[in-house]
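One structure is given here, and the rest of the page talks about it.
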Amino acid sequence: MTVNKEAELRREIEALKKENKELKAQKLNDNKKSVCALSLEEYRRYGRQMQVPEFGGLSSQLKLKNSKILVIGAGGLGSPALLYLAAAGVGKIGIVDNDVVDRTNLHRQIIHDTSTLNLNKAESARIKMRLLNSNIEVVTYPVALTNLNSFQIVEPYDLVLDCTDTPASRYLINDTCVLLGKTIISGSGLRTEGQLTILNFHNQGPCYRCFYPTPPPPNTVTSCSNGGVIGPCIGVLGTMMAVEALKCVVGFYTQENFHPFLTLYSGFAPGQKLRTFRMRSRMSKCKVCNPDVREITREKIEQGVIDYKGWCGAMNYNVLNPQTQRITAKQLSKVDFSDVEHLNPLLDVRPRIQYDISHIDGSINIPYDDLSRSKSVLEGLDPHKKTYVICRFGNDSQLSTKILLERNFEDVKDVIGGLDSWKKDVNADFPSYW
Ligand SMILES: [Zn+2]
């Protein structure tokens, strides 16, 4: 081969390489364009929010379209948050929930309805969101978030909404997001109140562990099924979470203007219902967000060395001898309470408000909380007579029975499974609210 011929070939190769590079760049650009551009339908659909100066116009709408948000928990908080994020045009929304839609959820979890009873909540939510806005992609994870799957599930998303309701899941979500550098919008609510905050903002702000280095004692944690909840009150919190998510995505918050905060909402407060407190920045001793003293790592989480449920604890209700100190609902139905000489009335230890909704005729109510705090509440009962104790599911009744035995009641038994078993095994017409 002559020198000229070789040089010519080399030039040709170089030219082909250049052309190939340009074509690749053009293809990438075309791909980007197809993701970025709004359809005419979308211009109209999002027009009213694009006009709002604080929102930031077309460029913010495109940011939403290109954003990926993960919502963990499709319950009272997740329902309005998911609906608003879908309606606003967030391009990809992931939903994690392993629970199924129950009738007791419907007064507040408004993304579900009677037609999706018993369906997985993530799936039920997806159906409603697709009806609302078919431009968006909805990915469902019908599983519980665990040490093994949390990193895999969270990693592809830009932002996480923590709509869960147990300390163990809050710590797991926090640690996963801190270690992956994701911002968390965190909300919680119970009865008529709730709170809202943004954690690990841009991997700089304080995290959940900075606020709560240790979990609350398990007996102080009340769930919605125990404490009750007003639908629109928790809905306000979920809606505020959606607002904060939009502000994060469109760039309303920046490293410079963001200050850690905690907003408290009290729906039934006589005066001011919303208060916001400025919070301190990261805690230097934080075991996860400060890399210098970090003890919590991805490896430790995935290997199960960090045991969230064990660390957050659970109440131990197994304090009685099942043979001698417990009876079934069927056995209770055979007890003759007219024998007042030997028997105290059936003792129902649920909170007063639940007792007033429905109770077994002839039973009396002394709530477990009163029973555990005060001795005088038992004055109407005779410790020498037999006593049977009942609650909703047979947990508080065990603790109450133990207290009575410690206070020298001679013969006390609790009802296994409580009123829930009473309804299933004895009286199907008993009005249940759980
Ligand atoms: Zn921290």
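The values are calculated or read from the model by the stated rules, or taken from the named source; none is laboratory data. A quick note: this is a predicted structure, and the numbers were derived from the prediction, not measured. Neighbour counts run over all protein chains shown; Cβ positions are idealised from the backbone, glycine included. Side chains included, ligands, DNA and RNA excluded: accessible areas come from the protein's heavy atoms. Shrake-Rupley method; radii C 1.70, N 1.55, O 1.52, S 1.80 Å.
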query = What do you reckon, how do 58, 179 stack up by accessible area (1.4 Å probe), largest on top?
reply = 58, 179
inquiry  = How much length would be gained if the chain were fully extended between residue 10 and residue 356, taking 0.36 nm per residue of separation minus their Cα-Cα distance, in nm to one decimal?
reply    = 115.5 nm
request  = Go through 360, 374, 116 and say which Cα lies farthest out towards the positive end of the charge dipole of the chain; charges sit on Cβ, +1 for Lys and Arg, -1 for Asp and Glu.
outcome  = 116
task = Kindly provide the helix-only [θ] at 222 nm of the chain, computed as the sum of -39,500 (n - 2.57) over DSSP H runs of four or more divided by all residues, to the nearest 500 deg cm²/dmol?
result = -11000 deg cm²/dmol
message = Rolling a 1.4 Å sphere over the protein heavy atoms, what is the accessible area per residue of the chain, to the nearest Å²?
response = 53
key: Rough spin-label spacing in nm, given labels placed 7 Å along Cα→Cβ, for residue 247 and residue 19   = 5.4
Efficiency of FRET from Cβ geometry, residue 226 and residue 424, R₀ 22 Å, rounded to 0.05 = 0.65
request  = Give me the percent of the accessible area of the chain that comes from carbon and sulfur atoms, probe 1.4 Å, all protein chains in place.
outcome  = 53
ask   = For region 42-312, with the dipole built from +1 on Lys and Arg beta-carbon atoms and -1 on Asp and Glu ones, taken about the Cα centre, which of 185, 252, 305 lies farthest toward the positive end?
value = 252
note = For the pair residue 294 and residue 43, the simple spin-label estimate (label points 7 Å beyond Cα toward Cβ) gives in nm 4.7
key: Stretch gain in nm, segment residue 115-residue 191, where the contour uses 0.36 nm per residue and the Cα spacing is subtracted   = 24.7 nm
Computed E for residue 339/residue 152 - FRET, C-beta separation, R0 51 angstrom, nearest 0.05 = 0.25
request  = Output the antiparallel fraction of DSSP beta bridges having both residues in the chain, as a percent to the nearest 5.
outcome  = 40
ask   = What helices does the chain hold that run 27 Å or longer along their axis, going by alpha-carbon atoms, with a Kyte-Doolittle average of -1.0 or more, using DSSP H for the helix calls?
value = 231-250
Dipole magnitude (debye, nearest 20) for region 42-312, charges at Cβ of Lys, Arg, Asp, Glu = 520
ask   = Ranked from the most accessible area to the least, with a 1.4 Å probe and all protein chains present, what is the order of 363, 134?
value = 134, 363
query = When only the heavy atoms of the protein chains count and the probe is 1.4 Å, how do 415, 236 rank by accessible area, highest first?
reply = 236, 415
